[in-house]
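Remarks on the structure that follows.
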Amino acid sequence: MMPRGMAVEQGRYEDILYNTASENKSYALSPFSLENTLSVALNGADGQTEADILSAFNITDTQSQNEKFNSLLGLYKKSKKIEIGSASSVWINRSKTDARFDSDFETTVHRYYSAESHTVKDKNAQISIN
């Protein structure tokens, strides 16, 4: 593990988390999973939230990030040396909100991240998600 205070590369997801993590706790994280989750969320963001995510994680633009991640997933699928399984999904709990997924968002996250979208209610949320 890198000593606290040591300079790390700016903009790498795991380095950003490392620099903000508590010194008294242990963490395990997957840069792949973190980037996947953040990239999916970026597609649902707009305005200041989108600008903040792009800036904080040194992402040029949403579409470039989508293409980059889709290419990365394609490389992993073709590799004979490593295997990464991705079970990305997005969920809305209809017991908590009347919001619905935008069809363009659903299409984009499915196309670039192989993510599925689902709707649940409180009574079936935990069982459905698990």
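Quick one: in the stretch 21-36, which of the residues that are open to solvent by 80 Å² or more (accessible area, probe 1.4 Å) and among the hydrophobic types (A, V, I, L, M, F, W, C) is nearest to Thr62 (Cα to Cα)?
Checked the stretch 21-36; the qualifying residue nearest to Thr62 (Cα to Cα) is Leu29.
Starting from the stretch 94-107, take each residue that is at negative phi and list its partners that are among the charged types (D, E, K, R), counting only C-beta distances under 6 angstrom and pairs at least six apart or across chains.
The qualifying pairs are Arg94/Lys121; Ser95/Lys121; Ser95/Asp122.
For the stretch 65-79, check the following and say yes or no: at least one residue is open to solvent by 80 Å² or more (accessible area, probe 1.4 Å) and outside any helix (DSSP H, G or I).
no
Farther than 25 Å from Asp15 by Cβ, touching a strand residue (DSSP E or B) at 6+ places or on another chain (Cβ under 9 Å), among the polar types (S, T, N, Q) and not in a helix (DSSP H, G or I): is that true of Thr97 in this structure?
Here the answer is no, as Thr97 does not meet what is asked.
Report, by residue number, each residue of the stretch 80-102 that is within 19 Å of the chain's Cα centre (by Cα), at pLDDT 90 or above and open to solvent by 70 Å² or more (accessible area, probe 1.4 Å).
Trp91, Asp102 - these are the residues of the stretch 80-102 that are within 19 Å of the chain's Cα centre (by Cα), at pLDDT 90 or above and open to solvent by 70 Å² or more (accessible area, probe 1.4 Å).
The values are calculated or read from the model by the stated rules, or taken from the named source; none is laboratory data. Values in this document were obtained by computation on a predicted structure and should not be read as measured data. Cβ: placed from backbone, ideal geometry, glycine included. Neighbour counts: every protein chain shown. These area figures cover heavy atoms from the full protein model, side chains too; ligands, DNA and RNA do not enter into them. Shrake-Rupley method; radii C 1.70, N 1.55, O 1.52, S 1.80 Å.
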